[in-house]
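Working notes for the structure below.
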Amino acid sequence: MSIYKPLSHNLSFSSLTLTLTKKMSNISKPLFLNLLYIFFFFCNSVSLSWSSSLSLHFPLTSLRLTPTTNSSSFKTSLLSRRNPSPSSSSPYTFRSNVKYSMALILSLPIGTPSQSQELVLDTGSQLSWIQCHPKKIKKPLPPPTTSFDPSLSSSFSDLPCSHPLCKPRIPDFTLPTSCDSNRLCHYSYFYADGTFAEGNLVKEKFTFSNSQTTPPLILGCAKESTDEKGILGMNLGRLSFISQAKISKFSYCIPTRSNRPGLASTGSFYLGDNPNSRGFKYVSLLTFPQSQRMPNLDPLAYTVPLQGIRIGQKRLNIPGSVFRPDAGGSGQTMVDSGSEFTHLVDVAYDKVKEEIVRLVGSRLKKGYVYGSTADMCFDGNHSMEIGRLIGDLVFEFGRGVEILVEKQSLLVNVGGGIHCVGIGRSSMLGAASNIIGNVHQQNLWVEFDVTNRRVGFSKAECRLLP
């Protein structure tokens, strides 16, 4: 998906997945009625201001507009100092390799007996879904390489139309659902980049070992999609994988991206305690009252208190308020494994570009924009030299907590001999959020401590040898 992320960041709510309605393919109706259905759903489940992000994927959560709220009501403690909660242990301990090129890909065991499924690890979305394509599939949609076969699992069950989730307007989970001809709960996701997934909502177990099996979790079982991988939704929503499985913490270490686009490197993923966590530095998540609903805010995202940005030795003159939600929710800064590039709101992006132009402006590729949002790109094979001229890029969270992008890793190979600073402009996606993408989480342990409402970082060599 762009690799993944249906737009949702731009819609006043969701984590980068713009999820629009797609009419059920098994119901034949006149074109006018289909268009009317899409228009009606869009108008009723999406706010007029929204956020999204290019080449990413997040499902969309609709929020009711409320009167202006003072941003000071957010909990903004910067550095987590409290002792971990005694109840912070996860019910599961699981370690896996993760593949990385443009997205993080996990292979997880699902069903009874288990079938290995490839899923995109997405901290920006809620619904998890797997590929359940029938053996015979219409062209031009080839069957995915790891399609799940429900008939082989004794723990698989469909959600009937009578299930509450098949009703519209679940507060934190607005999903286009309907009742199919078999009286099963049908869902549709239509992503901003033109990809889509649709099928039935189901219940199924994840089997990590003989002694570690989740209860049946609600998932999407895609019968038709334009992608080969499913999604592992890991945000704070009540129907995300971590919420349903009661996971208290998880972490990943993203390896250095290969210089050859499409070639995956191998890193690590943990559910539960990470043996490397002793050196982690934590920032507390910003939290938002349940009653607080703002048009541009995603309350289910991992929102962090970014304070500033440095390039080389220079701290850019960007107001700190740009990185925190204002009264309407604009300016939220989230950590998103499902977004490829980092995206910044206009004020911050303009300052970053101003400094890049000052340092290496004559080398910029004129008129070139990657993914409709990133225009700080360069031709040729001089990325190391240009990186040295620019210097390190640092995202500051205060009290010594920061994400350091070293100068030799500053530029991203996007193919065709072109390298770009891995930062795009959020407004080009219609978004009002700052998003720290996976390209700026390389060689970094990132731990999401859900119980203690904090995110931990630690520099690491993440690439595993074959």
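The values are calculated or read from the model by the stated rules, or taken from the named source; none is laboratory data. Since we're looking at a predicted model, the values are computed, not measured. Note that we place each Cβ from the backbone using ideal geometry, even for glycine, and neighbour counts take in every protein chain shown. Ligands, DNA and RNA are stripped out before the accessible areas are found, and what is left, the full protein with its side chains, is counted by its heavy atoms. Shrake-Rupley method; radii C 1.70, N 1.55, O 1.52, S 1.80 Å.
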Selection within the stretch 327-357 - under 22 Å from the mean Cα position of the chain (by Cα) and among the charged types (D, E, K, R): ASP336, GLU340, ASP346
From the list GLY416, GLY422, GLY367, exactly one residue is open to solvent by less than 60 Å² (accessible area, probe 1.4 Å) and small (Gly, Ala, Ser). Which is it? GLY422
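Any chance you could count how many residues in the stretch 339-364 are among the acidic types (Asp, Glu) and open to solvent by 70 Å² or more (accessible area, probe 1.4 Å)? Reasoning before the result, please.
Let us first name the residues in the stretch 339-364 that are among the acidic types (Asp, Glu), namely 340, 346, 350, 354-355.
From what is left, the residues that are open to solvent by 70 Å² or more (accessible area, probe 1.4 Å) are 350, 354.
So the answer is 2.
Mind telling me which of the residues GLY237, GLY220 ends up being touching a Phe, Trp or Tyr at 6+ places or on another chain (Cβ under 8 Å), buried (at least 21 other Cβ atoms within 10 Å of the Cβ) and either assigned to a strand (DSSP E or B) or among the aromatic types (Phe, Trp, Tyr) (or both)?
None of the others qualify; the one that does is GLY220.
So which residues in the stretch 426-449 are touching a Leu at 6+ places or on another chain (Cβ under 7 Å) and open to solvent by 10 Å² or more (accessible area, probe 1.4 Å), if there are any at all?
The one that is touching a Leu at 6+ places or on another chain (Cβ under 7 Å) and open to solvent by 10 Å² or more (accessible area, probe 1.4 Å): LEU429.
For a quick check of your reading: which strands (runs of 3 or more DSSP E) sit entirely within the stretch 328-393 and have at least 1 residues that are among the acidic types (Asp, Glu)? Give the steps one after another, and end with the answer.
Details: elements: 333-335, 342-344, 377-379.
In the stretch 328-393, 377-379 are the strands (runs of 3 or more DSSP E) which contain 1 or more residues that are among the acidic types (Asp, Glu).
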For the stretch 75-186, which fully contained strands (runs of 3 or more DSSP E) count at least 1 residues that are in contact with a Gly (Cβ under 7 Å, 6 or more places away or on another chain) and either at pLDDT 65 or above or not small (Gly, Ala, Ser) (or both)? 94-100, 115-122, 129-131
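Pick out the one residue from PHE323, PHE269 that is closer than 18 Å to GLU461 by Cα and among the hydrophobic types (A, V, I, L, M, F, W, C). I'd like the intermediate steps shown before the answer.
Details: PHE323 fails: closer than 18 Å to GLU461 by Cα.
Result of the check over PHE323, PHE269: PHE269.
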